[in-house]
Amino acid sequence: MLSKGVFTVSFVITLLYGSLLTEVEGIGVNWGSQASHPLPPATVVRLLLENGIQKVKLFEADSEILSALSRSGIQVMVGIPNDLLAPLAGSVAAAERWVSQNVSAHVSSNGVDIRYVAVGNEPFLKAFNKTFESITLPALQNIQSAIIKAGLATQVKVTVPLNADVYQSASNLPSDGDFRPDIRDLMISIVKFLSDNGAPFTINIYPFISLYNDPNFPVEFAFFDGTGDPINDNGRIYNNVLDANYDTLVWSLQKNGFANLSIIVGEVGWPTDGDKNANMQYARRYNQGFMNRQKANRGTPMRPGAMDAYLFSLIDEDAKSIQPGNFERHWGIFYIDGQPKYQLSLGNGPGLIPAKGVRHMAKKWCVLAPSANLQDPQLGPSVSYACDHADCTSLGYGSSCGSLNLAQNVSYAFNSYYQVSDQLDSACKFPGLSVTTTNDPSVGSCKFKIMIKSESSDSEAGAMVSLTRSMGVVLLYSVCLYILL
């Protein structure tokens, strides 16, 4: 994430006795930062607090984000990207420096409630071709040693967020689960290390990905309505894939002597665009179904009780890699501007509360000029250039803008580039093809977006925010925002 400024955020939190909070205990979210116009960290922290979100998982140790979380009361899992595993695995000193700069400094000086360090992110995916297999455990061990040396071992635990492909079941019954044969010994070594240090096993479970990869996957089994064909595993009934997948992990741990190891679901959610099965209806159905389970304190046949889980994700990331699929940029329960996508109750009210104080650019769009020739040889290269430098993932088959005609497709591509370029006049100068308009060109559910004013496009130099929360919780923010231009 590009550093555009320095945020100093201090919070004074007063909890009044007798408050009747109804948030789901322990619900967390993943906060990614791969956006062209990220919201200011202070704005996002306020969004978290107003929606009763108590935990956040970060994919890297962004100093501005960590500073914004100072004294917020939000528990933090801070991540280490895979590309840092090699240097951390090769040097205890490097691990100690990383912990000092990214954990100790924020815990001691800024009052950030860091609870976990996530070492790597799904490092054993087959797509990585064994790149991280030999270095993940040494990196984990060195970070743990550094945490102990820093005197934080009782507060901060290490973990490794893993994809659910690290275990399997030949019969598709959870009770036949075990770790993947090619990494079984490594997995047992990691699990033992986690167990020895009182640390959790973190797993990412995505029914959507199962559906995306297998057109024959039973759609109803992905959701929590009980309308899919159940699996009977020796009397244990599974009517959704999350429970079956989770308990396959439980059995894998149990068979190898770690029946009581705690489990965190590091990522769970459903995207809203970029694929025929990624839409608002399915996303709301899945996420609300999951939240209803959490509120009812309902777990799996092997592990009753609400899961320790982080929704994926908080806000859309329009600059994220789409190598896995166009849906990667659309996992958020909020749009890039912090507006809720759909009604979702997290337990503290009927729906999500939008971000405050977010300002958009002018109501202008860049579209295909009425005089443009659709046979112009520059049309194809112009659209390719626009989409290479912006986000056109909503144009794919089955996506929200998948039914546009050719002219509308071109307009969508031009506007995406124009908005991500902060509506610069030069960004709507495709020769003989483009023109700006103040008439909204959106078509049905396909929205032609207007970009928000971010740190890169906004010259304001200061902000002061105060917030009073209802139900007996008063949160006073004093925010000093210094933007380095």
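In table form, for the structure just shown:
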| item | result |
| --- | --- |
| Every pair of residues 6+ apart whose Cβ atoms lie under 6 Å, when the first sits in the range 198-227 and is free of Cβ contacts under 8 Å to residues at least 60 places away in the same chain and of a type outside the set (Lys, Arg) while the second is part of a loop (DSSP other than H, G, I, E, B) and surrounded by 16 or more Cβ atoms within 10 Å (Cβ to Cβ) | SER210/PHE217; PRO218/GLY228; GLU220/GLY228; PHE221/GLY228; GLY226/ASN239 |
| Filter pass, GLY357 being buried (at least 16 other Cβ atoms within 10 Å of the Cβ) and not hydrophobic (A, V, I, L, M, F, W, C) | no |
| Residue selected from the range 361-380 under the condition open to solvent by 80 Å² or more (accessible area, probe 1.4 Å) and out of contact with any Gly (no Cβ under 9 Å at 6 or more places or on another chain), by the criterion farthest from HIS37 (Cα to Cα) | GLN375 |
| Test for ILE114: is it within 27 Å of PHE312 (Cβ to Cβ) and in contact with a Gly (Cβ under 8 Å, 6 or more places away or on another chain) | no |
| Test: SER384 is in a helix (DSSP H, G or I) and open to solvent by 20 Å² or more (accessible area, probe 1.4 Å) | yes |
| Spans of strands (runs of 3 or more DSSP E) in the range 230-305 with at least 2 residues at pLDDT 95 or above and under 20 Å from the mean Cα position of the chain (by Cα) | 263-268 |
| Where a residue in the range 402-428 is under 8 Å from CYS366 (Cα atoms) and in contact (Cβ under 8 Å) with a residue 60 or more places away in the chain and its partner, wherever it lies, is open to solvent by 60 Å² or more (accessible area, probe 1.4 Å) and not aliphatic (A, V, I, L, M), with Cβ under 8 Å and at least six apart | CYS428/THR436 |
| Only one of ASP422, ASP440, ASP391, ASP458 that is at pLDDT 95 or above, open to solvent by less than 40 Å² (accessible area, probe 1.4 Å) and either of a type in the set (Phe, Trp, Tyr) or not in a helix (DSSP H, G or I) (or both) | ASP391 |
| Criterion: assigned by the TED database to the domain that holds SER262, within 25 Å of the chain's Cα centre (by Cα) and of a type in the set (Asp, Glu) - qualifying residue of ASP182, ASP196, ASP165, ASP176 | ASP165 |
| Residues being under 26 Å from PHE290 (Cβ atoms), in a helix (DSSP H, G or I) and without any contact (Cβ under 8 Å) to a residue 40 or more places away in the chain - total across the range 23-64 | 1 |
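The values are calculated or read from the model by the stated rules, or taken from the named source; none is laboratory data. Note that the structure is a prediction, hence the values are computed from the model and not measured. Virtual Cβ from ideal backbone geometry, glycine too; neighbours counted across all protein chains shown. We work out accessible area using only protein heavy atoms, side chains counted, and drop any ligands, DNA or RNA first. Shrake-Rupley method; radii C 1.70, N 1.55, O 1.52, S 1.80 Å.
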